[in-house]
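Visitor: First, the structure itself, so that you have it in front of you.
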Amino acid sequence: MNSEEEKPKRIPWDEYWMNIVNDVAERSACLRRQIGALVVKNNVIISTGYNGAPRGFPHCLDVGCRRDKLNIASGERHEECVGVHAEQNALLQAGRDAEGATLYVNAFPCKICAKLIINAGMKRVVMTGEYSDKEGLEYLRQGGIGLVHL
């Protein structure tokens with residue numbers, strides 16, 4: 001490379017981590033949405049998570065979606081879904097290491113996940129995509145969590 005050639009550009013950290021989130025989401029067993037999450041601290045991956053049935057439960061891919069069978073709209077009646085959210089799985093794996101970290105996720109966190117993110121002591125959430133229930137975003141703002149939407 002001579003002095004006249006430009007150096008190759010490196011993608012920014014947030015974009016790098018979000019690319020990994022999209023790969024993690026491909027493990028999802030949800031019929032409705034494939035969500036991935038990543039907890040990162042000091043530019044090191046602490047944990048990953050994707051949405052799906054709890055350990056030992058049959059996956060929706062195999063038995064169908066309970067929420068579809070009950071005709072429940074997106075963002076409503078979370079308790080009727082057998083699945084554990086990607087954010088919840090990532091936080092469970094991270095444990096206390098989530099404190100002060102950033103969560104990367106390819107959807108807006110729901111209000112249940114938002115409360116967990118706040119109580120985990122996370123400092124920031126970086127998101128792509130959207131989610132019909134935007135109340136979780138307001139919870140995160142009230143909790144002093146920095147929000148970035150790519």
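The values are calculated or read from the model by the stated rules, or taken from the named source; none is laboratory data. Nothing here was measured: the structure is a model prediction, and the numbers come from that model. Counting neighbours? That spans all protein chains shown, and the Cβs are built from the backbone with ideal geometry, glycine included. Note: areas computed on protein heavy atoms with side chains; ligands, DNA, RNA excluded. Shrake-Rupley method; radii C 1.70, N 1.55, O 1.52, S 1.80 Å.
Visitor: For segment 123-150, enumerate the residues that are in contact (Cβ under 8 Å) with a residue 60 or more places away in the chain and surrounded by 17 or more Cβ atoms within 10 Å (Cβ to Cβ).
Guide: Val126, Thr128
Visitor: Does Asp14 fit the bill of being farther than 24 Å from Ala114 by Cβ and outside any loop (DSSP other than H, G, I, E, B)?
Guide: So Asp14 does not fit the description; no.
Visitor: Which members of segment 96-110 meet the condition of being open to solvent by 10 Å² or more (accessible area, probe 1.4 Å) and without any contact (Cβ under 8 Å) to a residue 40 or more places away in the chain?
Guide: Result: Arg96, Glu99, Phe108.
Visitor: Go through segment 21-37 and give me each residue that's open to solvent by 40 Å² or more (accessible area, probe 1.4 Å) and either farther than 14 Å from Glu87 by Cα or among the basic types (Lys, Arg) (or both).
Guide: Asp23, Glu26, Arg27, Leu31, Arg32, Arg33, listed by residue number.
Visitor: Another question, if that's okay. Can you pull out the residues in segment 74-94 that are touching a residue at least 24 places away in the same chain (Cβ under 8 Å) and more than 10 Å from the chain's Cα centre (by Cα)?
Guide: Correct list: Ser74, Gly75, Glu76, His78, Val82, Gly83, Val84, Leu92, Gln93, Ala94.
Visitor: Okay, moving on. Only one of (1) touching a Cys at 6+ places or on another chain (Cβ under 7 Å); (2) farther than 26 Å from Gly121 by Cα is not met by Leu70, so which one is it?
Guide: Condition (1) is where Leu70 drops out.
Visitor: Keeping to segment 111-122, report how many residues are within 18 Å of His78 (Cβ to Cβ) and surrounded by 24 or more Cβ atoms within 10 Å (Cβ to Cβ).
Guide: 3
Visitor: Oh, and also: Inspect all residues belonging to segment 38-51 and state whether any of them is of a type in the set (A, V, I, L, M), open to solvent by less than 20 Å² (accessible area, probe 1.4 Å) and without any contact (Cβ under 8 Å) to a residue 24 or more places away in the chain.
Guide: No, the conditions are met nowhere in segment 38-51.
Visitor: Okay, next question. Going by the conditions given, is Leu92 of a type in the set (A, V, I, L, M), in contact with a Ser or Thr (Cβ under 6 Å, 6 or more places away or on another chain) and open to solvent by 30 Å² or more (accessible area, probe 1.4 Å)?
Guide: Criteria not met by Leu92.
Visitor: Which condition number in (1) farther than 27 Å from Gly143 by Cα; (2) open to solvent by 80 Å² or more (accessible area, probe 1.4 Å) is the one that Gly64 fails?
Guide: Result: Gly64 fails condition (2) only.
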